[in-house]
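The values are calculated or read from the model by the stated rules, or taken from the named source; none is laboratory data. Because the structure is a prediction, the values reported are computed rather than measured. Reconstructed Cβ throughout: ideal geometry from the backbone, glycine too, with neighbour counts over all protein chains shown. Side chains included, ligands, DNA and RNA excluded: accessible areas come from the protein's heavy atoms. Shrake-Rupley method; radii C 1.70, N 1.55, O 1.52, S 1.80 Å.
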Amino acid sequence: MRLLKEPLLHFLAIGGILFAAYAAFDPSGQEGAAAPPTIHLTAADAEWLKEMWTRQWRRPPNDEELKSLIADHLKEEVLAREARALDLDVGDTVVRRRLAQKMTFLLDDTIRTAEPSDAELRTLYETRPDLVRIPARVSFAQVFFRHEEGSDRARASLAALSNTAALPVDHGDGLLLGDTFADQDEQALANLFGAAFARAIMALPVGQWSGPVESGYGLHLVKITEASPSEELPFDKVRERLTQEWRRQRQDTGNTQLYDGLLRKYRISADPAVRPMIGSLATPAEGRP
């Protein structure tokens, strides 16, 4: 009886009961325990790995190479899942952008636009001249002079060119872009020489030397050899272009509506210094319409 009253015996008895209870309820190693997470490798996974290998090496992988590809893919999946479990993807810019990109692709796939009506395409045809007009184009020859002391030389050469069909003795300084340009519109010239030069060139008369016209490179004497005016294409010739633009607009509208719906699921908060930059986006979700 004295032994039954010992505190040490009581402690051991309670410990045994707790150990038995833990063994009974511990899911690890017990029948009926929760199954571990599954990584399922599909035939589509194998085909995708084979396709990626073939694109890179210009041949399909052999059996050993395919086994290695699948093993690497499995390793990558295991490490990726463990990294997500540890929240290593949180705050990673590359991961965030890639996930956002994949979500964008998913949203794009969910939007199915119908075919536009003739009336809708006619509206685009009448309101979007950039889609239906061929811009004016010019072909020309030029003699280039650098800015340094180029003005006097250019004017002397212009006088000589005005009196003869041949080039003057002073052929200019040369330009890597070339001396002749064919079938150029204003935007193409602006990309090469700047907007001011392009506007001036499009206004020059045909068949005579003019200038000097200034660009970012220097001074140019220019002779327009051919000019074609802007032309409006018939509706039937631009129908496909108009259809593509109509679909693009509908896609953009649908994406915006879907994103707005997703955004309403969140309460957006911001520091005082940032809040003016996001405007109404900082409105709590419950306060949104």
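At full extension, Ser230 and Gln208 could sit 5.8 nm farther apart than now, given 0.36 nm per residue minus the alpha carbon distance. Between Arg137 and Ser228, the built amide H atoms are under 5 Å apart, and every one of these is 5 or more places off in sequence or on another chain. Legend: residues Ser280, Ser210, sorted from most to least accessible area (1.4 Å probe; ligands, DNA and RNA excluded), read Ser280, Ser210.
Spin-label model, Ser139 to Arg96: label points 7 Å out along the Cα-to-beta-carbon direction sit 5.4 nm apart. In sequence order, the range 246-262 has phi-based couplings of 4, 5, 4, 4, 5, 4, 4, 5, x, 4, 5, 5, 5, 5, 4, x, 5 Hz under the Karplus curve 6.51 cos²θ - 1.76 cosθ + 1.60, θ = phi - 60°, and Gly or Pro positions carry x. With q set to 0.10 Å⁻¹, the log10 of I(q)/I(0) for the range 175-283, from the Debye formula over equal scatterers at the Cα positions, is -0.64.
Here's the picture: a label point sits 7 Å out from the Cα of Asp45 along the beta-carbon direction, and within the range 77-109 the residues with their amide nitrogen under 16 Å of it are 77-83.
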